[in-house]
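Structure first, commentary second.
The values are calculated or read from the model by the stated rules, or taken from the named source; none is laboratory data. Here the structure is a predicted model, which is why all the values come from computation and not from measurement. For neighbour counting, all protein chains shown are included, and Cβ atoms are generated from backbone atoms with ideal geometry for every residue, glycine included.
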């Protein structure tokens with residue numbers, strides 16, 4: 001079967017047991033990246049529905065036997081779809097380094113196929129755990145169809161690196177704009193970002209996914225000024241809304257008491273309710289509720305566990321009421337714990353908000369970074385944007401990671417692509433013969449060739 005860009009298959013041979021004629025599996029599952037492979041058909045009726053796949057290196061051709069001509073044609077369409085849609089890193093032109101962290105780095109690049117700008121997050125295999133990378137990719141895939149959540153356009157594994165590729169957010173992060181505005185926002189601005197962020201959390205919580213690292217640096221702005229909740233590296237999907245987990249993770253200043261105190265009962269979706277309160281507090285005050293400069297991790301955790309929140313005198317009664325209900329030490333006491341995000345949306349701080357307009361991005365943003373131009377990276381730190389930004393990676397994954405990351409590659413699905421593939425399948429089913437003779441289809445002919453029949457020692461079985 002085909003999983004992402006990988007073919008998963010096994011070899012078969014004739015059974016040695018006369019009482020059980022047929023074929024038997026000879027070895028364990030194998031993996032082949034189809035991205036740059038060529039498919040060759042046998043141009044002879046006696047060969048049956050046989051074809052071979054030739055890797056990019058030109059060595060190690062693998063022969064396959066399909067049950068019917070229709071199955072063989074269907075398989076070719078699936079391979080063609082993978083090869084047409086999965087980009088090569090060589091198609092991206094890098095422009096600037098946007099950021100760097102313990103996970104790796106983020107690079108601004110343009111894609112030749114659509115002339116769009118993308119942010120490429122590169123993580124080195126061996127420096128990050130495979131399960132963490134898979135989890136981040138999965139959450140971005142699950143949640144990315146929302147106007148206020150960062151989606152995933154492409155995921156690639158090449159060489160010894162993983163690349164998560166998303167649309168470029170020219171506005172940078174919310175923290176940068178807070179600094180430009182003197183460190184804090186007025187209530188109307190706080191309310192605007194709070195509404196969009198709240199809808200992003202509502203979308204994630206409906207799928208029982210908690211973000212666990214909500215802070216201004218992870219709220220990005222597009223060129224129009226609307227937000228995208230980003231960085232799903234610590235996000236986790238729970239079994240239910242009441243589910244719990246015990247992994248200690250996140251940014252110290254924003255940890256809820258149940259994580260700072262390592263409570264035996266663990267933590268759940270209420271983590272995001274606490275952090276939502278923290279980011280609202282910071283947007284108004286200019287600092288998180290339990291932040292002190294040069295404070296140790298232990299002392300920060302102690303303040304989170306035992307100290308009351310000290311609210312600025314300038315805070316409005318409505319915003320303070322909302323923050324008091326969110327920054328409860330006991331997660332069960334937080335607004336939204338039982339009734340979900342709907343309870344928070346109903347708070348008086350959001351009186352007059354048209355949530356349908358917010359979801360449709362029809363509310364005018366208070367800050368508009370502007371269209372791409374000379375100040376393309378004006379909202380990003382110069383200490384990064386002036387550093388080297390090239391990407392060095394072969395088109396093939398390192399063999400030592402091939403099995404673990406089989407099926408990792410991803411392309412965001414498009415309805416038009418699905419329609420095209422479906423139509424092609426129907427056409428091939430009607431006239432498979434034309435495709436067994438070096439295909440007259442321009443979409444497929446580049447990687448499909450006809451070769452004369454020859455002796456086949458063994459065949460390979462795969463799900464078509």
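How about the stretch 296-313: which of its residues are in contact with a helix residue (DSSP H, G or I) (Cβ under 8 Å, 6 or more places away or on another chain) and part of a loop (DSSP other than H, G, I, E, B)?
Matches in the stretch 296-313: 309, 311, 312.
Please state which one of 409, 395 is modelled with pLDDT under 80 and either within 21 Å of residue 79 (Cα to Cα) or in contact with a strand residue (DSSP E or B) (Cβ under 7 Å, 6 or more places away or on another chain) (or both). Steps first, please.
Working: 409 fails: modelled with pLDDT under 80.
Exactly one of 409, 395 is modelled with pLDDT under 80 and either within 21 Å of residue 79 (Cα to Cα) or in contact with a strand residue (DSSP E or B) (Cβ under 7 Å, 6 or more places away or on another chain) (or both), namely 395.
For the stretch 227-243, which positions are in a loop (DSSP other than H, G, I, E, B), in contact with a helix residue (DSSP H, G or I) (Cβ under 9 Å, 6 or more places away or on another chain) and either within 16 Å of residue 136 (Cα to Cα) or at pLDDT 95 or above (or both)?
Looking only at the stretch 227-243, we keep the residues that are in a loop (DSSP other than H, G, I, E, B), and these are 230-235, 238-243.
Adding the requirement that they be in contact with a helix residue (DSSP H, G or I) (Cβ under 9 Å, 6 or more places away or on another chain) leaves 230-235, 241.
230, 231, 232, 233, 234, 235, listed by residue number.
Pick from 358, 377: which is part of a helix (DSSP H, G or I), touching a residue at least 60 places away in the same chain (Cβ under 8 Å) and surrounded by 18 or more Cβ atoms within 10 Å (Cβ to Cβ)?
Residue meeting the stated conditions: 358.
Given 106, 133, which one is touching a strand residue (DSSP E or B) at 6+ places or on another chain (Cβ under 6 Å) and outside any strand (DSSP E or B)?
None of the others qualify; the one that does is 133.
Please go through the stretch 206-226 and give me each residue that is over 17 Å from the mean Cα position of the chain (by Cα) and either part of a loop (DSSP other than H, G, I, E, B) or under 16 Å from residue 145 (Cα atoms) (or both), ordered by number.
206, 215, 222, 223, 224, 225, 226
With the requirement that a residue be surrounded by fewer than 22 Cβ atoms within 10 Å (Cβ to Cβ) and within 13 Å of residue 269 (Cα to Cα), what does the stretch 335-347 give you?
Answer for the stretch 335-347, where residues must be surrounded by fewer than 22 Cβ atoms within 10 Å (Cβ to Cβ) and within 13 Å of residue 269 (Cα to Cα): 337, 338, 339, 340.
Among the candidates 286, 250, 243, 265, single out the residue that is under 29 Å from residue 123 (Cα atoms) and assigned by TED's automatic domain parsing to the domain that holds residue 187.
Working: 286 fails: under 29 Å from residue 123 (Cα atoms); 243 fails: under 29 Å from residue 123 (Cα atoms); 265 fails: under 29 Å from residue 123 (Cα atoms).
None of the other options fit; the residue is 250.
(1) in a helix (DSSP H, G or I); (2) touching a residue at least 40 places away in the same chain (Cβ under 8 Å); (3) more than 20 Å from the chain's Cα centre (by Cα): which one isn't true of residue 179, the others all being true?
(2)
Scan the stretch 113-167 for residues that are closer than 19 Å to residue 206 by Cα and more than 12 Å from the chain's Cα centre (by Cα) and jot them down.
146, 147, 148 - these are the residues of the stretch 113-167 that are closer than 19 Å to residue 206 by Cα and more than 12 Å from the chain's Cα centre (by Cα).
Does residue 367 qualify as being farther than 24 Å from residue 207 by Cβ and either touching a strand residue (DSSP E or B) at 6+ places or on another chain (Cβ under 6 Å) or modelled with pLDDT under 95 (or both)?
yes
Return yes when residue 280 is in the same structural domain as residue 195 (by TED's automatic domain parsing), more than 14 Å from residue 254 (Cβ to Cβ) and out of contact with any strand residue (DSSP E or B) (no Cβ under 7 Å at 6 or more places or on another chain) and no when it is not.
no
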